[in-house]
Amino acid sequence: MENTSEVFPSDPTWSEEGSSRVPFWAYTREDLYKRELERLFYKGHWCYVGLEVEVPEPGDFKRTVVGERSVIMTRSTDGEIHVVENVCKHRGMRFCREKHGKAKELLCPYHQWSYALNGDLQGVPFRRGVKREGKVNGGMPADFNPADHGLTKLKVARRNGVVFASFDHDVEPFEEFLGPTILSYFDRVFDGRKLVLLGYRRQRIPGNWKLMQENIKDPYHPGLLHTWFSTFGLWRADNQSELKMDAHKRHAAMISTRGQGGKVEEVVTGLDSFKETMTVNDKRLLDIVHEDWWGKPTAVMTTIFPSVIIQQQVNSVSTRHIQPNGHGSFDFVWTHFGFADDTPEMHQRRLIQANLFGPAGFVSADDGEVIEWSQEGFEQNPSQKTLVEMGGRDTEDSPHMVTETLIRGMYAYWRRVMGE
Amino acid sequence: MSSENWVDVASVDAVPEGDTIGVSLNGQGIALYKVDGEVFATAGLCTHGAAHMCDGFLEGHEIECPLHQGRFDIRTGKALNEPLTEDIRTFAVRLDAGRVMVLAD
């Protein structure tokens, strides 16, 4: 019988070597979550902000977050992209409330402080006071210098139409942050072709943000949890596959190639299916057409730690942005896109296949549920540990997908950075 | 020319040297400025934040808006800095027997 006092340990330590037994308290402690924001989202890492195609014209802006901090991505009149913190330097107001828009300036409505699109402070009402009967009343002190009070500016990295930002101006270059292996999978999707925005999906998932990184570092679950995948042949545990990480083991790519042949008929007949008699009513959902840029793999899911997932699952491509809001909740924002050189048929195909994903997707709806239920299990007894030992206890790359090595790799990195 | 519509808006003495006042031109607010005895007139509202130009600060021939420090040249109406993106309208001025006459539409 466990002692009841052990359910909520007051000063727990990660006692084991390695990273195959993750304490439940790693998902439930608010102090650790704040430290994650400091060390993973605000320092030493690049976080996803958006696609350049979301702000195509000068003056366009998009409001998003880095960690929990609200930021605005803008395009200024010279075509540059800026990312600034959405907090007025006067009285700290989170002033921008629109998700997207077009503006000549960034204006806080409280006292109308006006900032240029690059974040420079350009106007302070009554800075020189107010004239009345030949006398000037009030105004800012003589030593007030607007150049000292611009919005907090983030360092910005643009690569092939994707924008990342960091509050840490000493962060390593983006390409080094990804490392050569993960960069090659990034460039596989984003190879410089012009992107087309197809649309967004948003959901709030009541679970710790790391569970979403883990979900896409976990090739053990798709063929088991996602019966839609196994039923219709899009993901099976014996698919040819590879798992690769960067040198720090924080980022990863799950690379898989679906069964031989790949003809539509073969998939729909479902000879290997979980439920053999089940067929898809709308056959367009399985109208998969190979694209040259894929190379051999038919699906590559790339996790870029800590903030984003790049999805290529057959003809559906998207970014999935992790936006934490507390230790037990995060918003998950999907940006579906295509390419400017897509045929009308491919454009339609990407839209149809997007039905597999998002909060109500035939596949992804399952992930939101299991993350919520995992968090429920952690909260009721934080003294326990997960058992992440499929495929061993090591953190090496793998030539197959029957392993949880990527999750172990991520927690090895997490322990180093978090000091736990 | 008889088609020109010059309107008496103020006495010359009412416009303080090196400063600005607001007056009415056929019911529309405009700003008058005096620099070295010469009088200039612009639209009354800033093209940016719709502040009254007559509450601004005149330095030489530049008027600085009291709200966001946008500056216009009062001789030409030209917008000189950010956040301004649009020039301000100017009006022709004539001094006649101690009165400021402004050319209306």
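The values are calculated or read from the model by the stated rules, or taken from the named source; none is laboratory data. Computed from a prediction, not measured in an experiment: that's the story for all the values here. Cβ sites come from the backbone with ideal geometry, for glycine too, and all protein chains shown count toward neighbours.
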**Fill in**
Among residues of segment B:57-105 being touching a residue at least 24 places away in the same chain (Cβ under 8 Å) and of a type in the set (Phe, Trp, Tyr), the residue farthest from A:Ala147 (Cα to Cα) is B:Phe91
**Message:** Quick check on segment A:133-157: of everything there that is part of a strand (DSSP E or B) and in contact with a strand residue (DSSP E or B) (Cβ under 6 Å, 6 or more places away or on another chain), which residue is nearest to the other protein chains (Cβ to nearest Cβ)?
**Reply:** A:Asn137
**Message:** Condition first: polar (S, T, N, Q) and part of a helix (DSSP H, G or I). Now tell me which residues in segment A:334-387 satisfy that.
**Reply:** A:Gln348, A:Gln353, A:Asn355, A:Ser364, A:Ser374, A:Gln375, A:Gln380
**Filter pass, A:Val370 being over 27 Å from A:Val49 (Cβ atoms) and touching a residue at least 40 places away in the same chain (Cβ under 8 Å)** = yes
**Item:** Residue within segment A:46-66 that is more than 13 Å from chain B (Cβ to nearest Cβ), modelled with pLDDT of 95 or more and in contact with a Cys (Cβ under 7 Å, 6 or more places away or on another chain) present
**Value:** yes
**Extreme residue, surrounded by the most Cβ atoms within 10 Å (Cβ to Cβ), among residues of segment A:91-113 that are under 23 Å from A:Val156 (Cβ atoms) and at the interface with chain B (Cβ under 7 Å from one of its Cβ atoms)** = A:Glu105
**Complete:** So the strands (runs of 3 or more DSSP E) completely within segment B:1-93 holding 3 or more residues that are farther than 30 Å from A:Gln112 by Cα are B:5-11
**Residue list for segment A:114-132, filter: assigned to a loop (DSSP other than H, G, I, E, B) and either within 16 Å of B:Pro66 (Cβ to Cβ) or at the interface with another protein chain (Cβ under 7 Å from one of its Cβ atoms) (or both)** = A:Ala116, A:Val124, A:Pro125, A:Phe126, A:Arg127, A:Arg128, A:Gly129
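Residues are listed down the side, and each one gets a yes or a no for (1) surrounded by fewer than 17 Cβ atoms within 10 Å (Cβ to Cβ); (2) at pLDDT 95 or above; (3) not assigned by TED's automatic domain parsing to the domain that holds A:Glu85:
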position: A:Tyr115; (1), (2), (3): no, yes, no
position: A:Glu133; (1), (2), (3): yes, no, no
position: A:Val136; (1), (2), (3): yes, no, no
position: A:His149; (1), (2), (3): yes, yes, no
position: A:Val171; (1), (2), (3): no, yes, yes
**Item:** Qualifying residue in segment B:13-25 (condition: out of contact with any strand residue (DSSP E or B) (no Cβ under 7 Å at 6 or more places or on another chain), away from chain A (no Cβ under 14 Å), farther than 30 Å from A:Glu105 by Cα and crowded, with 19+ Cβ neighbours inside 10 Å)
**Value:** no
**Prompt:** Is it the case that segment A:370-382 has a residue that's under 30 Å from A:Leu197 (Cβ atoms) and charged (D, E, K, R)?
**Reply:** yes
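Every residue, every condition in (1) in contact with a strand residue (DSSP E or B) (Cβ under 6 Å, 6 or more places away or on another chain); (2) over 30 Å from A:Leu151 (Cβ atoms); (3) outside the structural domain of A:Asn381 (by TED's automatic domain parsing), yes or no:
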{"residue": "A:Asp11", "(1), (2), (3)": "no, yes, yes"}
{"residue": "A:Glu16", "(1), (2), (3)": "no, yes, yes"}
{"residue": "A:Pro23", "(1), (2), (3)": "yes, yes, yes"}
{"residue": "A:Tyr33", "(1), (2), (3)": "no, no, yes"}
{"residue": "A:Val53", "(1), (2), (3)": "yes, no, yes"}
{"residue": "A:Gly59", "(1), (2), (3)": "yes, no, yes"}
{"residue": "A:Met73", "(1), (2), (3)": "yes, no, yes"}
{"residue": "A:Val84", "(1), (2), (3)": "yes, no, yes"}
{"residue": "A:Glu98", "(1), (2), (3)": "no, no, yes"}
